[in-house]
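Remarks on the structure that follows.
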Amino acid sequence: MSSHAPILQVVDKNGNYATEEVQKFAEKTGLDRVGKDYQIVAIMGPQSSGKSTLLNSVFGTSFVEMDALSGRQQTTRGIWMARSPKIESQVHVMDLEGSDGRERGEDDTSFERQSALFALAAADVMLINMWAKDIGRETGAGKPLLKTIFQVNLKLFTPAPDKRRTVLLFVFRDRTRTPLPRLIETWQEDLNGIWESIPKPTQYDKTSVSDFFEVQYSALPNFEEREEEFRAESVILRRRFTDQEEDTLVRPAEDKLPGQALALSMQKLWQVIREQKDLNLPAHKVMVANIRCKEIAAEQLQALLQDQAWLSLQSEAAAALVSDFGARATALLHSCLTGYDEEARYFESAVRADKRQELVAQAYAVVATVRHAQLDMLRKATLDRFKADLAAALDSENQAFTATAAGLGIEAVEAFEEAVRDLEVEGSGWTAAEAHSQLEDDIAVHVRQLEQAKVAAVTSAEEAQLRETVTGQVVPLLDGAPPNLWPRLQRVHADASAAAADSAFSQLKGYELSAEEKAALKKQLESCSRKLVESLVREASHTVLSRMKDRFGLVFSRDDGGMPRSWTPRVDIAATAAAARREAAAVLALLACLRLDAPPAACAALDAAVGSLADQPDHRASRAGSVISPGSSVDGGPSSAAGDFDMLSGSDWPEMAKGSVLLSPQQCRGLWRQFMSDSDFLVGQAMATQEANRAASNRAPPLWAIVAMVVLGWNEFFAVLRNPLWLLLLVFTFLFGKTVYQDLEVDAEMQRGLLPGLLVLGSKLGPTMRSAASRTVAGIAQFAQEAPQRAQETYAAVRSPANSTALTNAHGESLRRRRDSGIEMTDGGSFTSQQRGRSPPRKHLFNEIEADAAKNK
């Protein structure tokens with residue numbers, strides 16, 4: 001090479017890119033300072049076709065040319081680059097190693113394809129040097145090379161049609177007598193055929209070669225025979241690389257990289273091209289080896305599939321476990337691979353080895369399918385045996401479930417591993433790790449299912465027992481509705497759930513439940529107990545009105561001893577009704593909300609609010625002579641005992657969760673109004689009964705009884721009249737008997753029934769008679785003390801008519817003193833209930849005295 005033009009080897013013959021040297025070349029030639037004002041021209045073609053001679057003649061470069069006298073051989077190796085000294089603008093020329101050279105041979109054609117694609121991607125103008133006499137030929141014209149680089153260029157760089165077209169300048173060397181237009185026409189058809197024949201990506205299906213390349217043509221004479229003419233036409237061709245000619249080949253491009261980035265861009269292009277495997281086309285013998293070894297492998301695989309020994313083994317394996325499966329499968333695979341090695345031993349070793357690996361993979365894949373089925377069958381059989389052994393162990397012995405299951409699981413896995421050895425195929429490298437892991441998972445799942453089934457059964461039984469226990473204790477409590485209902489319900493809930501949990505843990509002792517599982521089971525039983533209690537309370541709240549009526553009727557109609565109440569004149573109906581209504585209000589308050597977790601303050605506020613309904617005055621009882629109860633207000637409003645909550649207008653219970661409310665304040669008010677309406681009827685009946693009893697106690701004997709007593713007791717009557725002592729004794733006996741009768745409350749007690757009434761009267765007779773006798777004695781003693789004084793007063797009044805008025809006044813004063821001292825007679829001559837115990841007055845004596853006084857006056 002001459003030294004007047006700098007020349008650089010961009011890529012050496014081994015494909016190594018000179019990164020630093022290219023960068024220095026760009027700096028030395030000024031390429032890094034021209035921006036986009038530069039051109040890259042490259043040339044490709046067959047070896048020894050005069051490519052370097054053409055570049056030196058056109059661009060004035062000094063690439064090494066072949067010496068014809070020393071023989072035809074490879075001159076340019078790799079890719080070289082130089083700047084044209086005969087063109088003022090920056091025109092850089094790349095000289096490529098020729099294609100179809102004997103030095104690389106048929107086994108190494110990758111570099112010529114890589115270098116050609118590199119030049120096509122990097123150059124603005126691509127010169128394709130070809131012999132004119134090769135037009136119309138296939139290989140001589142370089143059509144396979146063009147086909148490859150066109151195809152890979154579309155796939156690798158995906159250029160956009162009509163955006164930046166590379167100029168393809170086909171230079172026909174050693175032109176002949178064939179006119180240039182005819183050559184161009186023939187080559188254009190071939191070029192279009194090349195483009196149509198290459199596989200293209202989908203987006204390029206309807207494109208043509210002119211969408212990506214601008215095709216230009218030129219023809220030159222033979223260099224050796226017509227050198228002067230050759231050089232003259234080379235100068236003419238050089239002018240086309242300037243922008244001063246009409247047929248210039250310079251094409252401005254906006255998307256062109258600046259000169260300072262060209263070195264890096266070319267490096268990346270070469271790196272991508274070197275990694276593209278589509279350019280590594282094999283040699284002829286390699287292609288033959290590929291095809292034939294592939295056929296041999298397919299034949300051996302088919303022979304394996306049709307082998308009777310294999311078909312028999314496959315059939316046996318589908319029906320049951322085969323004890324010697326591994327050995328038989330290994331023998332069949334060895335036979336298949338041995339046959340391949342015998343037939344393919346004469347082909348290229350690398351290809352033969354690659355295809356053998358493919359055959360091994362395919363043959364082992366066939367066996368792997370059957371072996372997998374055998375493993376699955378072995379796993380299922382081992383699992384079934386484990387299930388049977390576990391069931392037998394649990395039935396025959398009282399063993400701990402968890403410990404028994406763990407021991408049998410270990411034995412099952414060991415038996416599985418022992419049986420897997422019979423399924424091993426030599427050279428496969430297969431393991432049974434997946435099946436082993438799946439077996440362990442299956443055993444764990446089965447044990448877990450048995451454990452869950454046992455826990456579920458125990459839990460279900462305990463829940464059933466819990467329902468029976470809780471229902472049996474809660475229903476009577478709800479029927480009785482005691483004041484401490486909710487604390488007792490809480491104790492029932494806690495005791496029943498704790499007993500159920502203890503019973504469940506006792507039954508599951510051998511299952512070794514974790515702390516979390518025990519906590520979950522206990523929580524489930526507690527939840528069941530709680531839901532059951534709340535459900536029963538909810539059902540009870542639906543019948544709260546009838547429960548209020550029952551409680552009112554029980555308290556109102558029965559006394560403290562549980563006996564039916566007698567509505568005697570002494571019974572305070574208003575107080576009894578108020579107490580009964582307070583009990584009914586307590587029942588309403590207990591069933592208004594769920595209180596298992598309610599705050600005590602909220603419960604107390606609710607009780608006070610509902611209780612205030614019972615403190616409202618009973619106007620019916622007030623009209624009957626009762627007084628307003630201490631808890632009520634004068635205007636009929638609720639008592640202040642309810643605190644700040646207004647029961648008559650409130651809509652929500654204070655501090656009570658909405659989910660725990662069974663009856664809202666509005667519903668309670670409505671239920672209370674209905675209850676009051678129904679209870680007033682019972683109160684009215686009681687008041688009517690009391691009035692009837694009061695009237696009956698003052699009723700005189702009937703007329704027929706009086707007549708009978710007169711007729712039958714006539715003689716006795718005159719006998720008594722003849723003897724004043726008998727008269728006094730009779731009067732005393734009558735009054736004493738009536739007092740005892742009234743104190744015993746015979747009419748009221750007999751309403752209980754004959755036998756209960758007699759029993760009660762018998763128990764009260766002694767104390768009542770003693771009380772009546774003491775009162776009678778006291779009355780007689782007082783009468784005896786006052787009798788002489790009253791007799792003297794009467795005698796003085798009789799003897800002094802002028803003092804009759806004074807006598808009358810004195811008599812009235814005496815009567816007033818006796819009344820003030822507690823002695824007063826009824827119209828029938830008997831003592832009232834407040835005046836018993838004093839001696840009955842002698843009414844006839846007073847009447848006689850008053851008559852004598854009137855007569856004297």
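Ordering 771-782, 82-93 by mean Cβ neighbour count within 10 Å, with the highest value first, yields 82-93, 771-782. Counting only protein heavy atoms and using a 1.4 Å probe, the accessible area of Ser763 comes to about 80 Å². Approximating the spin labels as points 7 Å out from Cα along Cα→Cβ, the Leu264-to-Ala393 distance works out to 7.2 nm.
Maximal additional length on extending the Thr139-Ala353 stretch stands at 73.9 nm, based on 0.36 nm per residue less the C-alpha distance. Accessible surface area normalised per residue over the range 253-390 is 54 Å², counting heavy atoms of protein chains with a 1.4 Å rolling probe. Excluding same-chain neighbours fewer than eight residues apart, the lysines reachable from Lys387 by a Cα-Cα span under 17 Å are Lys454.
The fraction of accessible area contributed by carbon and sulfur in the range 283-427 is 53 percent, rounded to a whole number (1.4 Å probe; ligands and nucleic acids excluded). Exposure check, 1.4 Å probe, all protein chains in place: Ser315 carries approximately 70 Å² of accessible surface.
Each 10 Å bin from zero up to the one holding the largest Cα-Cα distance in the range 306-365 carries the following percent of pairs: 20, 45, 24, 11, 1.
Label sites at Ser763 and Thr176, each approximated as a point 7 angstrom past Cα along Cα to Cβ, lie 15.2 nm apart.
Accessible-area rank, largest first, for Lys268, Lys147: Lys268, Lys147, with all protein chains present and a 1.4 angstrom probe. Neighbours of Thr330, meaning other residues whose beta-carbon lies under 15 angstrom from its beta-carbon, give a summed charge of -2 when Lys and Arg score +1 and Asp and Glu score -1. The gain in end-to-end length when the Thr471 to His542 segment is fully stretched comes to 23.9 nm, 0.36 nm per residue minus the alpha carbon separation.
Accessible area of the range 451-580 with a 1.4 Å probe: how many percent of it is carbon plus sulfur? Whole-percent figure for carbon plus sulfur exposure: 52.
Taking every C-alpha pair closer than 8 Å and separated by at least 6 residues, the mean separation divided by the residue count of the range 452-564 gives a relative contact order of 36 percent. Whenever you get a sec, compute what percent of the accessible area on the range 202-272 sits on carbon and sulfur atoms (1.4 Å probe). That fraction is 47 percent.
Against the empirical curve 2.2 N^0.38 Å, the C-alpha radius of gyration of the range 197-353 lands at a ratio of 2.05. In terms of accessible area, using a 1.4 Å probe and ignoring ligands and nucleic acids, Arg177, Arg581 rank largest first as Arg177, Arg581. Take Tyr741: with every protein chain present and a 1.4 Å probe, its accessible area is about 110 Å².
Placing Met656, Met94, Met377 in order of accessible area, with the largest value first and a 1.4 Å probe, yields Met377, Met656, Met94. Could you list log10 I(q)/I(0) for the range 452-527 at q = 0.14, 0.19, 0.21 Å⁻¹, which the Debye formula gives when each Cα is one point scatterer? Evaluating at q = 0.14, 0.19, 0.21 Å⁻¹ gives log10 I(q)/I(0) of -0.48, -0.76, -0.86. What Kirkwood Rh does the range 480-605 have if only Cα atoms enter the pairwise 1/r average? Answer in Å. Value: 17.5 Å, from the Cα pair sum. The residues of the range 129-172 expose, per residue, 43 Å² of accessible area to a 1.4 Å probe.
The values are calculated or read from the model by the stated rules, or taken from the named source; none is laboratory data. All figures in this text were calculated on a predicted structure; none of them were measured in a lab. Positions of Cβ are generated from backbone atoms using ideal geometry, with glycine treated the same way; all protein chains shown enter the neighbour counts. Ligands, DNA and RNA are excluded from the accessible area calculation, which covers all protein heavy atoms including side chains. Shrake-Rupley method; radii C 1.70, N 1.55, O 1.52, S 1.80 Å.
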